[in-house]
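The values are calculated or read from the model by the stated rules, or taken from the named source; none is laboratory data. In this text the structure is predicted, and so the values were computed from the model without any measurement. Note that each Cβ is placed from the backbone with ideal geometry, even for glycine, and that neighbours are counted across all protein chains shown. These accessible areas exclude ligands, DNA and RNA; they are computed on the full protein's heavy atoms, side chains included. Shrake-Rupley method; radii C 1.70, N 1.55, O 1.52, S 1.80 Å.
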Amino acid sequence: MTDHSTNNVVDLFTGEPIETSADRRFIRLSPELDGLEMLYSNNSSGTDLYSLKVLCWGLKANGEVVGLVPWLNTIVACPEIQDPLDGRFEGYYDPGIEEIFHQPPIHKVIELETAAEYFEYESNKAEEVLQEIPDTIGTHAVFMDEQRENLTLIEVVSWRLHADGEIHGMLIDHDIVETTPVLPGDHCLYPAQESEGFRYFFQHHIANKIKSEDPEALAAIAALVTAP
């Protein structure tokens, strides 16, 4: 099996390997299809934990496997969520058996490593698409107009992994749709993160509250999107 953890760059003072951005970039994704979740807390939660559905599992060039979730205005590796206000990663959760765990499921690790070995491909073009997976958790992108008066929610169709490790949430441009349903890889898809007015990603339960004009949800979203 290919060793993705090779690293010959070391710290001059400690002698320990230094990971570069190339080492930490994602090289393969695997959708989460069994409903596993990420648990997190923040300074105001006390002993309570909150959960978000894991979107997918990602393999980095250094061999590390992590869960990924849409978080604020990007997609983030779960263990990297360590902000006391916005949230701190507390582990993964299997709601079916009510079990908390801290390492990725071994079947996902094996799947990703095997797929990476099979599809191993190096590209010199940072923007080249290596993989595209469907969104399975009902992610929505939230946009705000220039006057900061109107919110628009658009469903994310898929997530596109580029050769530089960047992952973009893909939305439908309805003006150029030729066939339906629109599937991952369709030419009518465009990246949310590079679009004017894009602010945040939200999972379906929050998006549905916004759509139903839930007062608490609207107040919370208003505070987020109007923040400097």
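Could you run through the stretch 48-59 and say how many residues are within 23 Å of Ile133 (Cα to Cα), open to solvent by 10 Å² or more (accessible area, probe 1.4 Å) and not polar (S, T, N, Q)?
Final tally of qualifying residues: 2.
Could you list, in sequence order, all residues of the stretch 13-47 that are open to solvent by 70 Å² or more (accessible area, probe 1.4 Å), more than 19 Å from His102 (Cβ to Cβ), modelled with pLDDT of 85 or more and not hydrophobic (A, V, I, L, M, F, W, C)?
Arg24, Asn43 - these are the residues of the stretch 13-47 that are open to solvent by 70 Å² or more (accessible area, probe 1.4 Å), more than 19 Å from His102 (Cβ to Cβ), modelled with pLDDT of 85 or more and not hydrophobic (A, V, I, L, M, F, W, C).
Provide a single number: the residues in the stretch 62-74 that are assigned to a strand (DSSP E or B), more than 23 Å from Glu120 (Cα to Cα) and not polar (S, T, N, Q).
Selection size over the stretch 62-74: 3.
Filter the stretch 180-199 for residues that are closer than 17 Å to Leu72 by Cα and of a type in the set (A, V, I, L, M, F, W, C); which is least open to solvent (accessible area, probe 1.4 Å)?
Ala192
Within the stretch 126-179, can you find the residues that are of a type in the set (A, V, I, L, M, F, W, C), over 30 Å from Leu36 (Cα atoms) and either surrounded by fewer than 12 Cβ atoms within 10 Å (Cβ to Cβ) or in contact with a Pro (Cβ under 9 Å, 6 or more places away or on another chain) (or both)?
Within the stretch 126-179, Ala126, Ile176 qualify.
Residue-wise test of (1) over 25 Å from Ala22 (Cβ atoms); (2) open to solvent by 70 Å² or more (accessible area, probe 1.4 Å).
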residue: Ile81; (1), (2): no, no
residue: Phe89; (1), (2): no, no
residue: Asp94; (1), (2): yes, no
residue: Ile97; (1), (2): yes, yes
residue: Pro105; (1), (2): yes, no
residue: Lys108; (1), (2): no, no
residue: Asn124; (1), (2): no, yes
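Against the definition (part of a helix (DSSP H, G or I), more than 21 Å from Tyr200 (Cβ to Cβ) and of a type outside the set (Ser, Thr, Tyr)), how does Leu59 come out, yes or no?
Considered against the rule, which asks whether it is part of a helix (DSSP H, G or I), more than 21 Å from Tyr200 (Cβ to Cβ) and of a type outside the set (Ser, Thr, Tyr), Leu59 comes out as no.
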